[in-house]
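Colleague: Below: one structure in structure tokens.
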Amino acid sequence: MSAALIFGLLFALMLTGMPISISLGLTVLTFLFTMTEVPIESVGLKLFSGLDNFGIMAIPFFILAGTFLTRGGVARRMIAFTTSLVGHLPGGLGLAGVAACAMFAAISGSSVATVVAIGSIMMPAMVEYGYPRRFGVGVISTSGALGILV
């Protein structure tokens, strides 16, 4: 019964147009206040200690490194280099995007920074050359995952 009440509250909050994150937060707080004996101080402590994680702290710095590489022109040079390598092949601009993502991911180490840096340059170029927008988004977003592999 309590699960139905919680899900009902969540869907009611979302139907009112409230953002999903706030709806989830209010639903969890309602659950904690009314249906459990968990002290609220422990919830705040757990949230604060969850931020003390090296991986979470490194993500903004990876994005910052990607921004530096993009603003400094390194990303454009990598795209020009990979286009000169594979641009003459059928689908060359897509292949150049994949190769540029692999190179950028090897340098930055972040999939998110790779997608932001290479995608901001490659997407307008791919659309300009007649590639479907959905295809370009698929190529860049899946190629960005090379950061984890490389």
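Colleague: Which one is right for this structure if P(r) over Cα pairs in 5 Å bins from 0, in percent is calculated from it: (i) 2, 9, 20, 23, 22, 16, 7, 1, 0; (ii) 2, 9, 14, 14, 11, 9, 9, 10, 10, 7, 4, 2, 1, 0; (iii) 2, 9, 17, 20, 17, 14, 10, 6, 4, 1, 0, 0?
Modeller: (ii)
Colleague: Another question, if that's okay. In whole percent, what relative contact order does the stretch 1-101 give with Cα contacts below 8 Å and a gap of six or more residues?
Modeller: Details: 34 pairs, mean separation 12.6, N = 101.
Computed over the stretch 1-101, the figure is 13 percent.
Colleague: For Ser143, Ser42, Ser111, which order do you get if you count the other beta carbons within 10 Å of each Cβ and list the fewest first?
Modeller: Ser42, Ser111, Ser143
Colleague: In addition: For a quick check of your reading of the filter: which chymotrypsin sites (Phe, Trp or Tyr not before Pro) in the stretch 47-144 sit in a DSSP loop and have no more than 12 other Cβ atoms within 10 Å?
Modeller: The qualifying sites are Tyr129.
Colleague: As a check on your grasp of the helix formula, calculate [θ] at 222 nm for the chain: sum -39500 (n - 2.57) over DSSP H runs of n ≥ 4, divide by the residue count, round to the nearest 500.
Modeller: -26500 deg cm²/dmol
Colleague: Helix 40-50 versus the longest principal axis of the chain: what is the Cα-based angle in degrees, 0 to 90, to the nearest 10?
Modeller: For helix 40-50, the angle is close to 20 degrees.
Any read-out appearing in this document is the output of simple, stated calculations on the displayed coordinates, not a laboratory observation. No experiment lies behind these values; they were computed from the predicted model shown. Using ideal geometry, Cβ is built from the backbone for each residue, glycine included, and neighbour counts are taken over all protein chains shown.
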